[in-house]
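J.: Before I ask anything, let me first share the structure, which is written out below as structure tokens.
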Amino acid sequence: MRYKSTRGGLFDITSSEAIRIGIAPDGGLFVPNERVSIDLNFIESLVNVTYRERAEKILSFFLTDFSKEELSECVAKAYGENFSVPEIAPLVRLHEHLHMLELWHGPTCAFKDMALQILPHFMVKAIEKTGEKAEIVILVATSGDTGKAALEGFADVDGTHIVVFYPNGGVSEVQRLQMVTQTGMNTNAVAVNGNFDDTQTGVKRIFNDEKICEALGTKGYRFSSANSINWGRLVPQIVYYFSAYADLLKDKSIIPGEKINFVVPTGNFGNILAAWYAMNMGLPVNRLICASNENNVLTDFIINGTYDRRREFHKTMSPSMDILISSNLERLLYELSGSDSNLIKSYMRDLTEKGFYSVNNSIREQVQNVFWAGFSNDSETVACIRSVYQDYGYVLDTHTAVAMDVYDKYVIYTGDLSPTVIVSTASPFKFNQSVAKALFGEETEGLNEFELLNLLSEKTGWKIPKGLRDLDKKEILHKTVCDKDKMGEVVMKLLKIS
Ligand SMILES: *Cc1c(COP(=O)(O)O)cnc(C)c1O
């Protein structure tokens, strides 16, 4: 399998090159050259095997320049004791045709671990294979979840350094403590005086700063990215859609070939795009339901074919979905356009210059044939957390609650009762403040983050995940704070270049 850029500037490269480079030099994203197609026999071969074996089989279609042994080594390192359950991505039944796919049993308690526990191992192999001599410096801008998952994944991985920038005061206390207590000789977390957009802009500026890149080069370093634009993050996410289907077959909730729905709480469009690739390979899917919070730019796009970011940015209780530019949508549009990179370039130019673009009728219809979209505001999210707890004793985090609420709207609107999987993207303990308040109201007033964790655990009987226990007792290891125009200097200083 070879890879090409959605903007036409680079084609016929290997998966290792795509992973090492991250984003194409023409600004495009890497996509596979060919479609992979599987049949029902393949799906049935997944039923009685472990998550690791499922992963090896699916990754081998896409990462063809990795040997079977190499893939199996990466998978073994990524999906083992670092997850708190042996199933890795367990499926939990809520009622006859509704199931939760829990993707938060990794070390940082959010679904980002599913990809960021394996990406560093791909990266090490990719460096070897492409003959790269430089040490790779991963720069990350985070609004909370990606930063910790990337730190945890790259900690002490040979040949790599990682620097995570987060907005000072812009992440939850749990998220901040997770990052500043990170161990590992090659890890750094830096607070930036600014908001998430400033932080993200600062990181992009460093990537494009010729002086910094040159200074790095002479010291034997080279930048790469761990954001969800990297193909090495997308491909591990395809696995759990197959895994969920195999688990439904295993407990006879469906018959082979039966079509199911997935509901995905969406921000950057990475997770739901992985679901689309699974469907495109032949996984029997009825609908992909795209759930947004009040930043509902994707809801409008799916309904009317115009992507318009000229709107107010809302800070919501599902912060990992507070996004107005969903980067991975570019990959879907490219695939649906019949690989028309000129068309994609014109859409992306319109987005930058005018703030919006409208897709042609063919793309709009194809999108609408597969996707259904809805959104929920914070008060609907709170009501949903409460009612699901009352009805099922099941505790939803705020992001997953958005998905659940949009699913309720979908059922009312369409009457479709096909078997459905809700993709659950974070442990409720990670967003304990909002969740505890939704469930226990006034009782939570005046309590700090750690008292809230305990309250939530005592009242629900759910255990506090290992990664969040004792967070208040860990040593603070990263104390650097910088202004938004000093981020480049900080990187140079941390790498001991200046
Ligand atoms: C990142 C994240 C999302 C959004 O996923 P995308 O791939 O960006 O669409 C949803 N929920 C949680 C908890 C996340 O951390």
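The values are calculated or read from the model by the stated rules, or taken from the named source; none is laboratory data. Everything quoted here is computed from the prediction, not taken from an experiment. Here the Cβ positions follow ideal geometry from the backbone for every residue, glycine too, while neighbour counts run over all protein chains shown. In case anyone asks, the SASA skips ligands and DNA or RNA and just uses the protein heavy atoms, side chains included. Shrake-Rupley method; radii C 1.70, N 1.55, O 1.52, S 1.80 Å.
J.: Suppose we filter segment 202-225 for residues that are open to solvent by 30 Å² or more (accessible area, probe 1.4 Å), over 21 Å from A191 (Cβ atoms) and assigned to a helix (DSSP H, G or I); how many remain?
T.: The number of residues fulfilling the criteria is 6.
J.: Can you give me the number of residues within segment 112-128 that are of a type in the set (D, E) and either at pLDDT 95 or above or part of a strand (DSSP E or B) (or both)?
T.: Number satisfying all stated conditions: 1.
J.: While we're here: Let me spell it out: the conditions are (1) free of Cβ contacts under 8 Å to residues at least 40 places away in the same chain; (2) surrounded by 13 or more Cβ atoms within 10 Å (Cβ to Cβ), and K473 meets all of them except one. Which number is the exception?
T.: Going through the list (1) free of Cβ contacts under 8 Å to residues at least 40 places away in the same chain; (2) surrounded by 13 or more Cβ atoms within 10 Å (Cβ to Cβ), K473 breaks only (2).
J.: Something else about it: Among the residues of segment 99-140, write down those that are more than 13 Å from the ligand (Cβ to nearest atom), within 25 Å of G488 (Cα to Cα) and touching a helix residue (DSSP H, G or I) at 6+ places or on another chain (Cβ under 8 Å).
T.: Listed by number, the residues that qualify are L119, P120, M123, I127, E132, A134, I136, V137, I138, L139.
J.: Do you know which residues across segment 153-176 are touching a residue at least 60 places away in the same chain (Cβ under 8 Å) and either touching a Leu at 6+ places or on another chain (Cβ under 7 Å) or not in a loop (DSSP other than H, G, I, E, B) (or both)?
T.: Those that are touching a residue at least 60 places away in the same chain (Cβ under 8 Å) and either touching a Leu at 6+ places or on another chain (Cβ under 7 Å) or not in a loop (DSSP other than H, G, I, E, B) (or both): G153, F154, H161, I162, V163, F165, E173, V174, Q175.
J.: Next up: Being out of contact with any Leu (no Cβ under 9 Å at 6 or more places or on another chain) and assigned to a helix (DSSP H, G or I) is the filter here; which residues of segment 74-111 pass it?
T.: Listed by number, the residues that qualify are A76, K77.
J.: What are the residues in segment 245-271 that are in contact with a Phe, Trp or Tyr (Cβ under 8 Å, 6 or more places away or on another chain) and within 16 Å of the ligand (Cβ to nearest atom), if any?
T.: Listed by number, the residues that qualify are F262, V263, N271.
J.: When you look at L329, is it farther than 30 Å from L94 by Cβ and either out of contact with any Asp or Glu (no Cβ under 7 Å at 6 or more places or on another chain) or within 15 Å of the ligand (Cβ to nearest atom) (or both), yes or no?
T.: No; evaluated as a whole, the condition is false for this residue.
J.: While we're looking at this one, here's another question. Whether any residue in segment 340-352 is touching a helix residue (DSSP H, G or I) at 6+ places or on another chain (Cβ under 6 Å), assigned to a helix (DSSP H, G or I) and closer than 18 Å to A274 by Cα is what I want to check.
T.: no
J.: Given the criterion of a type outside the set (S, T, Y) and at pLDDT below 95, identify the matching residue among N361, N342, N328, N286.
T.: N328
Per-residue answers, yes or no, for (1) open to solvent by 20 Å² or more (accessible area, probe 1.4 Å); (2) of a type in the set (S, T, N, Q); (3) over 21 Å from G267 (Cβ atoms):
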residue	(1), (2), (3)
D350	yes, no, yes
F356	yes, no, no
V359	no, no, no
Q366	yes, yes, yes
N369	yes, yes, yes
W372	yes, no, no
N377	yes, yes, no
I385	no, no, no
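J.: Return yes when N286 is in a helix (DSSP H, G or I), open to solvent by 10 Å² or more (accessible area, probe 1.4 Å) and not β-branched (V, I, T) and no when it is not.
T.: Considered against the rule, which asks whether it is in a helix (DSSP H, G or I), open to solvent by 10 Å² or more (accessible area, probe 1.4 Å) and not β-branched (V, I, T), N286 comes out as no.
J.: Filter segment 249-282 down to the residues that are aliphatic (A, V, I, L, M) and surrounded by 21 or more Cβ atoms within 10 Å (Cβ to Cβ) and list them by number.
T.: Selection gives I260, V263, V264, I272, L273, A274, A275, A278.
J.: Just a yes or no: is a residue in segment 411-420 within 25 Å of the chain's Cα centre (by Cα) and in a helix (DSSP H, G or I)?
T.: There is no residue in segment 411-420 that is within 25 Å of the chain's Cα centre (by Cα) and in a helix (DSSP H, G or I).
J.: Which members of segment 41-67 meet the condition of being of a type in the set (A, V, I, L, M, F, W, C), under 18 Å from H121 (Cα atoms) and part of a helix (DSSP H, G or I)?
T.: Answer for segment 41-67, where residues must be of a type in the set (A, V, I, L, M, F, W, C), under 18 Å from H121 (Cα atoms) and part of a helix (DSSP H, G or I): A55, I58, L59, F61, F62.
J.: Which members of segment 162-174 meet the condition of being at pLDDT 90 or above and either among the polar types (S, T, N, Q) or in contact with a Ser or Thr (Cβ under 8 Å, 6 or more places away or on another chain) (or both)?
T.: I162, V164, F165, Y166, P167, N168
J.: Here is a follow-up. Count, please, the residues in segment 427-453 that happen to be within 16 Å of the ligand (Cβ to nearest atom) and assigned to a loop (DSSP other than H, G, I, E, B).
T.: Total satisfying the criteria: 1.
J.: Say we look at segment 291-322 and pick out the residues that are of a type in the set (V, I, T) and open to solvent by 30 Å² or more (accessible area, probe 1.4 Å); which of these is farthest from the ligand (Cβ to nearest atom)?
T.: T306
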